[in-house]
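A.B. asks: One structure, pasted below without further comment.
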Amino acid sequence: MVYFVVQVLINALALTLTMLIVPGISLHPLQMGAIATLLELLSIGVLFGLVNTFVRPIALLFTGKLLLKSIGLFAILINSILFYLLAMSTAVIFVVDNPASILLAGLVSGLLVALLEAVLGLDSPVLYDSQNKIRFYWRWLGKLPRRLRENIVENLRLQQTYGIIWRYGVAIALDQTPLRGVRRRMQRIIYPHTQIMIDESPQTAVRLMLQELGPTYVKIGQMAAGRSDILPESWITELEKLQDEVAPFPYAQVEKRIHQELGASPQSVFATFDKEPLAAASTAQIHRATLPGGEVVVVKVQRPDINVTVRGDLNIMRDVITKLERRSHWVRGMGFSDLLDEFSESVLIELDYRNEAFNAQLLAYNLRATPDIQVPTIYEKYSSGTVLTMTYVDGIKITEVAKGDGRMADRERLARLFLRAMNKQVMLNGFFHADPHPGNVFINLQQGSLIFLDLGMMGSLTAKQRVVLVNMVWSLKDGNSKNVAQAILQMTRHDQVLDQHAFETDVDRMIKRHLLFSEQIPQLSAVMEDVFVLLSRYKLRLDRAFALAMKSLMQTETTVTLLAPQLSFFDMAVDEIEGIFLEQFQTKVLVEKTKEQVRRTTKEVVMRLPIWQEAAAKWMTQLENGRFVLEVDASELDQQMDELKNNLNQNVRRLVITLILIGMLASLAIASNAPVMANIPHETAMLALSPLGLMVLITLFYLGIVVWEAWKSRK
């Protein structure tokens, strides 16, 4: 009731000030006297409030696209139309002498209402359980045809997003001004029994805002929480709460979801099922259960209706970026569209738990030979697209070890184990956890093992891409700026002619600043920040696979630094990479990989035999007829010669690494660090070096013939 009264007073005051400011608009009271005039103003204020409460949202619901296209200016027109409707409905006492004044009146009245609501605290953020408040219309909208649904959802989410950001933004801004006292007194009057945001720090306010905005924005906050290189510790601490301190949704929704997906209630499907969740995240919550066979599991249940809201949020972001790119060359050069495409794809993939089930199975298979690294077992019979059942794991976050009283040796061991696990995924297997923040990495204290959770976002690298990434890491460690520059160019795309000399010069300055002259321990995240600046300056776009790999490695560095801040990430990374590939150099592994390669080659030859037979028959027929047709396309010879020349100018180390990694992924240790060879048995080295030397000689001989023939033909 108090809220309604204050709203009416604000509307009446805003209308009075509008009439005083805007010429051509006046009030003609039906009865003379101050009290009668005041009552009429209050009546118009009530009507104005009803129009703003009910008519304005409906108008915005169908004009959200126009609001985006006009960058918010269309809201002025809507306010003017509403002001005109108000004037027409009260034409007897509310007179518009000049119709041209309507547009200005709409602008002024809208600004005055917003200003008065902000000063008096009427728009204060209410801390209700936004995740528990499942609005019926999301479920209804999900049943509409796709085109109509997307338009309505986008417009509705646009209103909600704007309203939430406005309320929290005003609260953060005005709490730093002398108006804070006025807002506090009015808030106590307007919200006597409602929990609102009062006396919260800006960091907490932003975290609460992201939670109210929903899963899409929570995901952005989680990503920001991993950027300790650019955000202060106070912000990191607060944003980390988004990883596991999200309000749960009601058990009734959990029960309904499981019944829809698994065909029966939780009590029928499972032997036991805890109604209270173990944890809640932005997209799902976890319940402990027991299978009929006695296995203790956790059941991950997706939040209701988040598919609709997430897709609406992503479409709004895409519309905003598209409009900005059309108006700003700088925005176009930053490649925000590519970043959004990558973010959208990863978020939507995460919402389908069948992808996460497959990812967990594949990662567990790749790490099967490493007992200290575990991945929960997936129970497909009890899983679906929105319900995922997996083994219950007992552990704590990896960063909790850094905060505890554990021995330094234990922390260093965990740091090396975590780094080794991530390097093995990224550099060797090419299939890696793309979001290894502390909430997704647990430690089993009894076993001392590492456990990877939440495998919805994964990345993959081809053998060629892994060579490029390994080469960049080693070159950074060695301070080889030319190799680093070449690796960066191989990891990016560009549409314009690049000044390669200037680019290499900038890369050299960057490496010297971070790795040569810096008195602090070098950080990969700091180097990558400068790399991103260079990418923007030279209009280069990082390939999605490399972007995920870099994100994963930077998150890895953050955790490793927390566990063992005295160690150099670069030194540890190179040591662990060498150790990983040294394992691949064992005789047994080499023999198995050789057998596998022979099987693949034999299979390819067998598959090509019919094609070769058919081609040979055609050639024989042509020879018998005295004709032999040979087609030569020299249209791109110059370009091919330039590319060949560039390839020949590559250093021997990169060539060796490329040949070996693609063939057997076994001899990167040879190319990277000669002292490692001292630990390899003589017979093993000879077994690998004999075919390797033959491959290199044949390759160089063949390339020499090609270059010689091409050079002679050009003469």
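Laboratory data are not the source of any read-out in this text; all were calculated from the coordinates shown. These figures come from a predicted structure and were not determined experimentally. Positions of Cβ are backbone-derived with ideal geometry, glycine not excepted, and every protein chain shown enters the neighbour counts.
A.B. asks: How large is ³J(HN,Hα) for each residue in the range 196-205, as worked out from phi by the Karplus curve 6.51 cos²θ - 1.76 cosθ + 1.60 (θ = phi - 60°), to whole Hz, x for Gly and Pro?
C.D. replies: These are the phi-based 3J(HN,Hα) values: 10, 7, 10, 6, 9, 5, x, 5, 5, 4 Hz.
A.B. asks: What's the center-to-center distance, using Cα atoms, between the range 414-454 and the range 329-405 in Å?
C.D. replies: Using only Cα atoms, the two centres lie 11 Å from each other.
A.B. asks: Still on this model: In sequence order, what are the phi-derived ³J(HN,Hα) couplings for the range 495-508 according to the Karplus relation 6.51 cos²θ - 1.76 cosθ + 1.60 with θ = phi - 60°, rounded to whole Hz, with x for glycine and proline?
C.D. replies: For the range 495-508, the Karplus-derived couplings read 9, 10, 5, 9, 7, 5, 5, 5, 5, 5, 5, 5, 5, 4 Hz, x marking Gly and Pro.
A.B. asks: Let me ask something else about it. Taking the Kirkwood radius as the inverse of the mean 1/r across Cα pairs, report the Rg/Rh of the range 292-423.
C.D. replies: Working: Rg = 20.3 Å, Rh = 18.5 Å.
Rg/Rh for the range 292-423 comes to 1.09.
A.B. asks: VAL254: net charge of surrounding residues, Cβ under 14 Å, Lys/Arg +1, Asp/Glu -1, itself excluded?
C.D. replies: +1
A.B. asks: Further question on the same structure: Please list, in order, the residues from the range 539-560 whose amide nitrogen is less than 16 Å from a point placed 7 Å along the Cα→Cβ vector of ARG332.
C.D. replies: Backbone N within reach: 539-541.
A.B. asks: Students often check this: by mean Cβ neighbours within 10 Å, which of 6-17, 374-385 ranks highest, and how do the rest follow?
C.D. replies: Working: 6-17: 20.0, 374-385: 17.7.
Put in order of decreasing packing, that is 6-17, 374-385.
A.B. asks: What residues qualify as long-range amide H neighbours of SER449, i.e. H under 5 Å apart, gap of 5 or more or another chain, H built at 1.01 Å from N?
C.D. replies: The list, which skips near neighbours in sequence, is ASN444.
A.B. asks: Quick check on packing: order 555-567, 210-222 by the mean number of other C-beta atoms within 10 Å, highest mean leading. Let's see the in-between values first.
C.D. replies: Values: 555-567: 20.5, 210-222: 22.2.
With the highest mean Cβ count within 10 Å placed first, the list reads 210-222, 555-567.
A.B. asks: Within 14 Å, Cβ to Cβ, of GLY181, how many net charges do the neighbouring residues add up to if Lys/Arg are +1 and Asp/Glu are -1? Spell out each step's value before the answer.
C.D. replies: Details: positive: ARG180, ARG183, ARG184, ARG185, ARG188; negative: ASP175, ASP199.
It works out to a net charge of +3.
A.B. asks: If a paramagnetic tag sat 7 Å from the Cα of THR194 along the Cα-Cβ line, which residues of the range 97-119 would have the backbone N under 16 Å from that point?
C.D. replies: Hits in the range 97-119 for THR194 at 16 Å: 117-119.
A.B. asks: Arrange LEU61, LEU417 by Cβ neighbour counts within 10 Å, fewest through most, would you? List each step's numbers first, then the result.
C.D. replies: Details: LEU61 14, LEU417 20.
Listing LEU61, LEU417 from fewest to most nearby Cβ atoms yields LEU61, LEU417.
A.B. asks: Going highest first, how would you order 44-52, 304-312 by mean Cβ packing within 10 Å? List each step's numbers first, then the result.
C.D. replies: Values: 44-52: 18.4, 304-312: 21.2.
So the peptides 44-52, 304-312, ranked by packing, come out 304-312, 44-52.
A.B. asks: A 26 angstrom limit on the alpha carbon distance is what I want to check against. Which of LYS464/LYS551; LYS464/LYS539; LYS241/LYS512 exceed it?
C.D. replies: Numbers: LYS464/LYS551 19 Å; LYS464/LYS539 23 Å; LYS241/LYS512 37 Å.
Result: LYS241/LYS512 exceed 26 Å.
A.B. asks: For ASP499 and ILE81, compute 0.36 nm times the residue count separating them, minus their Cα-Cα distance, and round to one decimal in nm.
C.D. replies: So the chain would gain 145.1 nm between ASP499 and ILE81.
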